[in-house]
Amino acid sequence: MFPYEITHLDEELNAELMKDFKGERNGYVQVGPKKWFFPAAYAEHADNFYNFPVKEDDVWVITYPRSGTTLTQELVWLIANNLDYETAGNVPMDERFPFLEYIIFHDERFHAEVREINNNHPEVERKLALWRKPVYDWDIPSPRLFKTHLPLSLLPPDLPNKCKVIYVARNPKDVAVSYYHHNRLLKFFDYQGDFEKYWHYFQNDLLTYSPFWEHIKEGWEVKNKENVLFLFYEELSKNMPDCIRKVSNFLGKTLNDEEINRLNNHLRIDNFRGAVRLPHDVKGLKNTREQGFIRKGKVGSNEEYTGILKERASEWIKEHSTILPSNFSLIQV
């Protein structure tokens, strides 16, 4: 049974958001007392996400969007699969490392448009059929690897006690910039506004998977559990070899220096961008006005913050970072 109330967004606000996010066809909902924000399609699957049967040998990568998720998936998959670079290069990420709630973004009307653009190509039909089948109904052999952006409170309650969980957090300024470009890139978001308005939505918890701070807080609260590894994107960016060792130890694997060096080189942003196969290569999923799915990957690349917006963002971070311990090294204002 799903324990939280799901309510539709205020009609006027919903209309404003759907005007700015043209890819959303059904509107938005908020979930529980924290008011987790999702496309309306989430309501159809909430119970199945929450009650999904987990296994002791599962590995879950959990993040707020644009926090180094894909990079972490590649790192985890390769370590878990004995550095099988050949398979990693040939099988798309969404098939070897399923995205639990991906279905909530795949409206059938959107798929009809994609089919038409691709002239009903058989491979495109196969991909669309895969995305319209909930991951909780997939037959996945163990050990299973899952990606999700859902907060821990909306996932199976026994997850951090039963499975391996890797939670990755990133500085909110960098998250917002990356999420902005991501929402402009993918047509099932298709954001139309400028960054200042996007920040307004981010700051007021009106973006999918928000509220940001509560998401991070839930990950931080379980970081000392034996089955949980809490990482910062900044760590991955600045000292990947050390993170490779952390993840290897966490997964019960041993890598020698040569293997670590090769994996570190593979995960360098320019190499990684060209090597990983992503699900978004299907024609009609992306807007050509934007950069690719994997962008700069930089820490502190915040040219979007100017004038009053820069001050507003810094004050917001100062205000909300008090909910976390003082040694929470992610916070940079």
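Going by a ≥ b ≥ c, the root eigenvalues of the Cα gyration tensor, does segment 43-134 fall in the rounded group (a/c under 1.5), the prolate group (a/b larger than b/c) or the oblate group? Here segment 43-134 falls in the oblate category. State the label only: which of (1) 1.07; (2) 0.96; (3) 0.93 corresponds to Rg/Rh (Cα atoms, Kirkwood Rh) computed from the shown model? Only one option fits the structure, namely (3). Backbone geometry of segment 72-81 corresponds, through the Karplus equation with coefficients 6.51, -1.76 and 1.60 at θ = phi - 60°, to 3J(HN,Hα) couplings of 5, 4, 5, 4, 5, 4, 5, 5, 5, 10 Hz, x marking Gly and Pro. Residue by residue, segment 38-46 carries 3J(HN,Hα) couplings of 8, x, 4, 4, 4, 4, 5, 10, 3 Hz when phi is fed to the Karplus relation 6.51 cos²θ - 1.76 cosθ + 1.60 (θ = phi - 60°); x denotes Gly or Pro. Pull out a ≥ b ≥ c, the square roots of the eigenvalues of the alpha-carbon gyration tensor of segment 204-253, then state rounded if a/c is under 1.5, prolate if not and a/b is larger than b/c, and oblate in the remaining case. Oblate.
Straight-distance candidates among the aspartates and glutamates for linking to residue 164, with alpha-carbon spacing under 17 Å and chain neighbours fewer than 8 residues away dropped: 56, 57, 58, 74, 218, 221, 226.
For segment 178-238, the number of Lys pairs with C-alpha atoms closer than 28 Å, counting only pairs eight or more positions apart or on separate chains, is 6. Amide H to amide H, with H built 1.01 Å from N, residue 286 comes under 5 Å of 187, counting only residues 5 or more places away or on other chains.
How large a share of the accessible area of the chain, in percent, is made up of carbon and sulfur atoms when the probe is 1.4 Å and the other protein chains stay in place?
On the way: 6740 of 14850 Å².
Heavy-atom surface of the chain belonging to carbon and sulfur, 1.4 Å probe: 45 percent.
At R0 = 45 Å, how high is the FRET efficiency between residue 22 and residue 258 if r is their beta carbon distance? Nearest 0.05 is fine. Walk me through the numbers on the way to the answer.
Values: r = 49 Å, r/R0 = 1.09.
With a Förster radius of 45 Å, E is 0.40.
Only lysine pairs 8 or more places apart, or on different chains, with alpha-carbon atoms under 27 angstrom apart are counted in segment 1-133, and they number 9. Less than 5 angstrom separates the built amide H of residue 231 from those of 167, 168, 169, all sequence-distant by 5 or more or on a different chain.
Report, in deg cm²/dmol and to the nearest 500, the calculated mean residue ellipticity at 222 nm for the chain, where each DSSP H run with n ≥ 4 adds -39500 (n - 2.57) and the sum is divided by the residue count. Working shown, then result.
Numbers: 16 runs with 146 residues, N = 333.
-12500 deg cm²/dmol, from helical runs alone.
Residues in segment 236-250 carry Karplus couplings, in order, of 4, 6, 8, 8, 4, x, 5, 5, 4, 5, 4, 5, 4, 4, 4 Hz; the curve used is 6.51 cos²θ - 1.76 cosθ + 1.60 with θ = phi - 60°, and Gly or Pro positions show x.
Residues whose amide H falls under 5 Å from that of residue 190, counting only those 5 or more places apart or on a different chain, are 23, with hydrogens built in the peptide plane.
The values are calculated or read from the model by the stated rules, or taken from the named source; none is laboratory data. Keep in mind the model is a prediction, meaning the values are calculated, not measured. Don't worry about glycine lacking a Cβ; one is built from the backbone with ideal geometry, like all the others, and counts go over all protein chains shown. Side chains included, ligands, DNA and RNA excluded: accessible areas come from the protein's heavy atoms. Shrake-Rupley method; radii C 1.70, N 1.55, O 1.52, S 1.80 Å.
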